[in-house]
1. Suppose we keep only residues that are among the charged types (D, E, K, R) and within 11 Å of ligand 1 (Cβ to nearest atom) within the stretch 56-106. Which one would you say is most open to solvent (accessible area, probe 1.4 Å)?
2. Would you check if Pro6 is more than 24 Å from Asn197 (Cβ to Cβ) and touching an Asp or Glu at 6+ places or on another chain (Cβ under 8 Å)?
3. Please verify whether Tyr147 is over 21 Å from Glu56 (Cα atoms), open to solvent by less than 10 Å² (accessible area, probe 1.4 Å) and not in a loop (DSSP other than H, G, I, E, B), treating the condition exactly as stated.
4. Working only within the stretch 28-52, note down all residues that are aliphatic (A, V, I, L, M), within 23 Å of Ala96 (Cβ to Cβ) and part of a helix (DSSP H, G or I).
5. Regarding the stretch 185-197, can at least one residue be identified that is surrounded by 22 or more Cβ atoms within 10 Å (Cβ to Cβ) and aromatic (Phe, Trp, Tyr)?
Amino acid sequence: TGLSRPQRILKAVQKNATKGNPESVIAAIDHYCRHSEWAMNVGDEKGLILDSVVTEVNPSTALELGTYCGYSTVRIARLLSPGTKLITLEFNPDYAAIARQIIAYAGLQDKVILVEGPSGDLIPKMKQQHGIKSFDFVFLDHWKDRYVPDTKLLEECGLLRKGSVLLADNVICPGTPEYLKYVRNDPRYESRYFKSNLEYTKVEDGLEKSVFLG
Ligand SMILES: CNc1ncnc2c1ncn2[C@@H]1O[C@H](/C=C/CNC(=O)c2cc(-c3ccc(F)cc3)cc(O)c2O)[C@@H](O)[C@H]1O
Ligand SMILES: [Mg+2]
């Protein structure tokens with residue numbers, strides 16, 4: 001039945017981007033998803049907010065929940081300092097295979113560790129498998145009803161430290177009401193909403209930035 005949407009996105013990257021140039025990979029995906037077919041990448045508008053938070057945090061250790069095609073993986077990894085890595089978790093093997101190719105096309109394979117599997121199983125293994133003490137930065141962009149359980153799991157596994165920054169996509173659309181309640185009502189978090197638009201549309205969406213106070 002032809003190519004999948006992620007496969008069509010990969011083809012657009014191979015056709016329109018320059019190997020080893022992350023900016024051109026980002027631009028190729030944004031152009032394709034704005035003009036040809038919508039896809040659930042964080043996109044160019046919310047992407048600028050993501051860039052500014054990553055640049056401000058300048059994380060030594062970073063985690064992404066929900067790789068999909070690797071668009072935000074490329075956005076984050078291109079900003080990391082030399083020697084630091086982004087761990088990204090994806091449980092759909094087909095999406096993971098496309099993401100690996102897009103990350104490699106951007107030339108960022110040495111800055112990214114893509115782990116295939118469900119976040120609920122993988123988060124408890126982060127210390128032992130990847131020598132992680134704690135995460136400076138976490139980008140949440142996977143199933144929206146998993147933001148709260150996975151945040152609690154990160155806390156329980158001792159993977160958040162004083163100052164760790166959580167950045168959550170789609171807190172308005174599709175919406176993550178339970179997560180907003182959690183991070184806004186819990187005194188251990190200092191939360192702030194960055195108003196924006198749903199990727200490639202005029203519909204409101206935004207990112208919630210929450211600093212863990214320990
Ligand atoms: C639960 N644990 C998990 N562990 C590892 N990977 C997981 C995962 N859950 C989901 N995933 C993966 O993350 C990705 C899922 C993302 C879910 N995102 C959305 O549903 C989403 C949806 C929209 C959206 C907005 C409006 C609309 F009309 C339709 C869709 C916009 C977004 O920006 C979104 O992020 C997939 O690649 C999936 O395989
Ligand atoms: Mg999203």
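1. Asp94
2. Values: more than 24 Å from Asn197 (Cβ to Cβ): no; touching an Asp or Glu at 6+ places or on another chain (Cβ under 8 Å): yes.
No.
3. Numbers: over 21 Å from Glu56 (Cα atoms): yes; open to solvent by less than 10 Å² (accessible area, probe 1.4 Å): yes; not in a loop (DSSP other than H, G, I, E, B): yes.
So Tyr147 passes the test.
4. Result: Ala28, Ile29, Leu50.
5. Taking the stretch 185-197 first, the residues surrounded by 22 or more Cβ atoms within 10 Å (Cβ to Cβ) are none.
No, the conditions are met nowhere in the stretch 185-197.
The values are calculated or read from the model by the stated rules, or taken from the named source; none is laboratory data. None of these values were measured; they are calculated from a predicted model. Note: ideal-geometry Cβ built from the backbone for every residue, glycine included; neighbour counts use all protein chains shown. Accessible surface areas use protein heavy atoms only, side chains included; no ligands, DNA or RNA. Shrake-Rupley method; radii C 1.70, N 1.55, O 1.52, S 1.80 Å.
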